[in-house]
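The values are calculated or read from the model by the stated rules, or taken from the named source; none is laboratory data. As the structure is a computational prediction, the values presented were derived from the model and not from experiment. Because the Cβ atoms are built from the backbone with ideal geometry, glycine has one as well, and the counts that use them run over all protein chains shown. Ligands, DNA and RNA are stripped out before the accessible areas are found, and what is left, the full protein with its side chains, is counted by its heavy atoms. Shrake-Rupley method; radii C 1.70, N 1.55, O 1.52, S 1.80 Å.
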Amino acid sequence: MAFITGGTYVPLYGRDSLQVTISNFFMDVYPITNEEFVAFVRKNPKWKKSKAKKLFVDGNYLVQWKSDIELDSSQNLKAPVTSISWFAAIAYCDCQGKRLPTVDEWEYVAMANENLADARPLKTYNQFILSWYEKPKTYNNSIGSTFKNYWGVYDLHGLVWEWTSDFNSVLVSGESRKDVDKDSNLFCGSAAIGATDLMNYAAFMRYAIRGSSKAKYTMRNLGFRCVKDKN
């Protein structure tokens, strides 16, 4: 895991440029791989695709796996595991004594490039992320195939989208975050009114993906990684 020194940052959705404070924590250097999740379901058979309760997964849970404990021949063991529900990701992290990152923790680390803790003002940084969104099937690339960022973390951009513990928090009345009020129009043009950076198209897409998801949903390009509190 990489140690992340806490600090403050302004999220995409905030009120009056409110700064959010992040405490020190540890984050997995890489997303969880197919190989690691196979080992997990072997030890926790209730999360095999044939046994997982439909309350916690949709019909596409681990859909590309050949069997409960075997990948399809086209899959890369070292690639991020995908087609994973939020519930399954939570269960995996819990078994490791860890947890999913919050949206703010994930965004705080993900705003870094190789040399800067906050590279968002750089046009080239946002162009890199947007160019990845247009590439097909990056979910089958091996972990570590993207750049190592300022914190020593890989693959926050370039392989898969990632679950967060509070993935749909922007659509909930945000008293704890003091962000925008409940906004069912987050995905249309009026949503930009509540944004702090109208040029950060990549972040708009991430918030839209998160906010349109439900905890049992799975997607071919949606994976996860774990974090751990410093204490």
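A few comments on the model shown:
- Total residues in segment 211-231 satisfying the condition of being modelled with pLDDT under 85 and either hydroxyl-bearing (Ser, Thr, Tyr) or open to solvent by 20 Å² or more (accessible area, probe 1.4 Å) (or both): the figure is 2.
- Here segment 3-15 is the region considered, the condition is being surrounded by fewer than 18 Cβ atoms within 10 Å (Cβ to Cβ) and modelled with pLDDT of 95 or more, and the residue that is farthest from residue 107 (Cα to Cα) is 3.
- Odd one out for residue 18 among (1) of a type in the set (A, V, I, L, M); (2) more than 25 Å from residue 144 (Cβ to Cβ); (3) at pLDDT 95 or above; (4) surrounded by fewer than 17 Cβ atoms within 10 Å (Cβ to Cβ): (3)
- Yes/no for residue 94 being among the acidic types (Asp, Glu), free of Cβ contacts under 8 Å to residues at least 12 places away in the same chain, over 25 Å from residue 205 (Cβ atoms) and exposed (fewer than 12 other Cβ atoms within 10 Å of the Cβ): no
- Just one of the listed residues (50, 85) is touching a residue at least 24 places away in the same chain (Cβ under 8 Å) and closer than 25 Å to residue 140 by Cβ, namely 85.
- The combined condition, being at pLDDT 95 or above and in contact with an Asp or Glu (Cβ under 6 Å, 6 or more places away or on another chain), is not fulfilled by residue 100.
- Single condition residue 66 does not satisfy, out of (1) assigned to a strand (DSSP E or B); (2) basic (Lys, Arg); (3) surrounded by 13 or more Cβ atoms within 10 Å (Cβ to Cβ): (3)
- Residues in segment 118-152 that are open to solvent by 40 Å² or more (accessible area, probe 1.4 Å) and aliphatic (A, V, I, L, M): 122, 130, 143.
- First in segment 61-76 and among the acidic types (Asp, Glu), second anywhere and part of a loop (DSSP other than H, G, I, E, B) and exposed (fewer than 13 other Cβ atoms within 10 Å of the Cβ), Cβ under 7 Å, 6 or more apart: 68/50
- Some residue of segment 154-168 being at positive phi and at pLDDT 60 or above: yes
- Any hit, segment 74-96, residues being modelled with pLDDT under 95, assigned to a helix (DSSP H, G or I), out of contact with any Leu (no Cβ under 9 Å at 6 or more places or on another chain) and among the hydroxyl-bearing types (Ser, Thr, Tyr): no
- Checking each residue in segment 75-125 for being of a type in the set (A, V, I, L, M, F, W, C) and under 19 Å from residue 60 (Cβ atoms) picks out 79, 81, 84, 86, 87, 88, 89, 90, 91.
- With respect to the conditions (1) closer than 21 Å to residue 206 by Cβ; (2) surrounded by fewer than 19 Cβ atoms within 10 Å (Cβ to Cβ); (3) modelled with pLDDT of 95 or more, residue 39 falls short on a single one, namely (1).
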